[in-house]
Amino acid sequence: MLKILDYEPHALTLRDLVQLRSANGKKPFLICRDEVLTYAEAHSRSNEVANRLLEFGIRKGDVVATFMYNSVAQALIWFGCAKIGAIYAPLNVSLVKDDLAYSLNDSGATMLILDEELAPAYNACQAGLKRSLQLFVYGAVSAVQGGKALPFDRLLGASSQMPDAEVRPTDPAAIIYTGGSTSMPKAVLASHLYFMAAAIRYGEIAQVTSDDVGFANSHFFHIGGQQFGVTGPLYHGMTGVMEKWFSVTRYLDTARKYGATVIDPIGTMIAALMNRPGSPLDREHRMRVGIGIASGQIRREVRDGFEQRFGVTLLEVYSMTEMGVLICSERMHDRRAGSCGRTHGWADVRIVDPDDNPVPPGTPGQILLRPNTFNTTMMRYVNKPEETIAAWKNFWYHSGDIGRLDEDGYLYFVGREAHWVRRRGENVSAFEVEKAITSHPAVLDCAIVGVPSELGEEDIKAYVHLKPGQASVDPMVLIDYWKERIAFFKVPRYVEFVDGFPRTMTKNEIARHELRARGIGRCWDSTTKVMIGT
């Protein structure tokens, strides 16, 4: 059998892995919002979906999109696609109107399954769609305006036998959207082997066994949710637990209820839990390790405080969708203060100057990565060949992040290039937000940067230059305008009006690093609806 690094994988495709793990029978595979899907049911019911997809004309290579909250139904759709070689494309549930239409058009989806409560966003985007979609609604079909929609149940009830299909390890399994830096969000095309390798790394880092219970904080539309909630547990025969979304008041209760042992906390979640009053129950749980804390998400003292208070080891990682999740990480036996670990043979890492020349150890530069396993990173960016080539310039993946290496190969994350912001676990494209800002008739130009957030990661600050002769504009009028056009987590929290921007001497571009250095400053805070700063 083909090896992944030094491993002989349990299976090479999701199709074969689901079938293999069906031998676990009635053991819970996924518990999502208290609905239980056993291993046997994951196989038989996804076969029903697969056969029904075929009846509705979906074939190998076709894209099936979902616009849904976390649910057992999502897993059945994904596995149903995997059984016939179709491509699963889950979309961020925060998308609205323009950005939802963009993602549906860009993905090439021919079928969409959406939650009833997300129908308003779909209704608003319909005029921007370039093709008709077969539409299914998880809930009341009447929530969708115009066109024909069918209930989700129509995708169930077909034969529970595995459909005949040739699905290869290098065939695409999913499309995952990730924040772009100088363009609209990019769609990463990931193969079946991509998920097998990521699942192996998940097991390496957390040292899991089939007795572990993984509690995933993320969503199906994130690689984190797909890996920590679904494919990681599936590969290792564990039980995975997911909720609709993170709740600071319910999180620990849910972890106790299901006996979670492995968690995937992000920075804002850790900060929120640490802000709650201490309790004698803080250590009354089975959680032993948290993985997936992305570099730069949270201050070191907050992370250390979480470990001490809750008795859970938190392992930092350097990870990105393009390279496969968890490509560089700390390990239980291999931690170095301040670093996000090493690649442990999965990839080579290099720190370079602006011309891709390597810099000495300890010197900051752009982080470049090169995989040591074939077919386990992204296949390409969908519809973006030039961006794909640019990302792999000189045959190394260019992360756009700044870091440094020590003499022993430990990676230290320094910061992000200025053209994107990390907010609430999301990568936010400056280009995309600025496009929405400048669409307002009063705005001449703008720039957004990340500024420190009390919950860790960053909040978004918008510098807005109004058109000549334009009277002042109420910042909340702008905020409300932007909320109609982009997802809530992309909407700037802070607004500062300016008469111009600092520019670079070479390209006359906005000097974002200078804006970032100003911090929050004096500006309008949309959370408190008052001017702050001096």
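When you go through ALA89, ALA124 one by one, which is the residue that is buried (at least 18 other Cβ atoms within 10 Å of the Cβ) and touching a helix residue (DSSP H, G or I) at 6+ places or on another chain (Cβ under 6 Å)?
Criteria check complete, one pass: ALA89.
Yes or no, residue by residue, for (1) of a type in the set (A, V, I, L, M); (2) on the phi > 0 side of the Ramachandran plot; (3) touching a Ser or Thr at 6+ places or on another chain (Cβ under 8 Å):
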| residue | (1), (2), (3) |
| --- | --- |
| LEU411 | yes, no, yes |
| HIS419 | no, no, yes |
| VAL433 | yes, no, no |
| ASP445 | no, no, yes |
| VAL449 | yes, no, no |
| ILE479 | yes, no, yes |
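Where residues in the stretch 228-277 are of a type in the set (D, E, K, R) and part of a loop (DSSP other than H, G, I, E, B), which of them is nearest to GLY425 (Cα to Cα)?
That would be ASP264.
Could you name every one of the helices (runs of 4 or more DSSP H) located completely within the stretch 426-534 that has at least 3 residues being surrounded by 17 or more Cβ atoms within 10 Å (Cβ to Cβ), outside the structural domain of GLY225 (by TED's automatic domain parsing) and of a type in the set (A, V, I, L, M, F, W, C)?
430-438, 475-483
What are the residues in the stretch 64-82 that are surrounded by fewer than 23 Cβ atoms within 10 Å (Cβ to Cβ) and aromatic (Phe, Trp, Tyr), if any?
Selection gives TYR69 alone.
Would you pick out the residues in the stretch 17-63 that are more than 18 Å from ALA216 (Cβ to Cβ), surrounded by fewer than 22 Cβ atoms within 10 Å (Cβ to Cβ) and either hydrophobic (A, V, I, L, M, F, W, C) or not assigned by TED's automatic domain parsing to the domain that holds ALA75 (or both)?
The answer is LEU20, ALA23, ALA40, LEU54, PHE56.
Does SER94 fit the bill of being surrounded by fewer than 23 Cβ atoms within 10 Å (Cβ to Cβ), over 23 Å from SER160 (Cβ atoms) and of a type in the set (Ser, Thr, Tyr)?
yes
Scan the stretch 412-452 residue by residue and report those that are polar (S, T, N, Q) and in contact (Cβ under 8 Å) with a residue 40 or more places away in the chain.
Those that are polar (S, T, N, Q) and in contact (Cβ under 8 Å) with a residue 40 or more places away in the chain: ASN427, SER429, SER439.
Only residues that are closer than 21 Å to THR377 by Cβ, part of a strand (DSSP E or B) and either of a type in the set (Ser, Thr, Tyr) or over 24 Å from the mean Cα position of the chain (by Cα) (or both): list them for the stretch 303-346, please.
Residues satisfying the conditions are TYR318, SER319, SER329.
The values are calculated or read from the model by the stated rules, or taken from the named source; none is laboratory data. Model, not experiment: these values are computed from the prediction. Please note: Cβ atoms are built from the backbone with ideal geometry, for glycine as well, and neighbour counts cover all protein chains shown.
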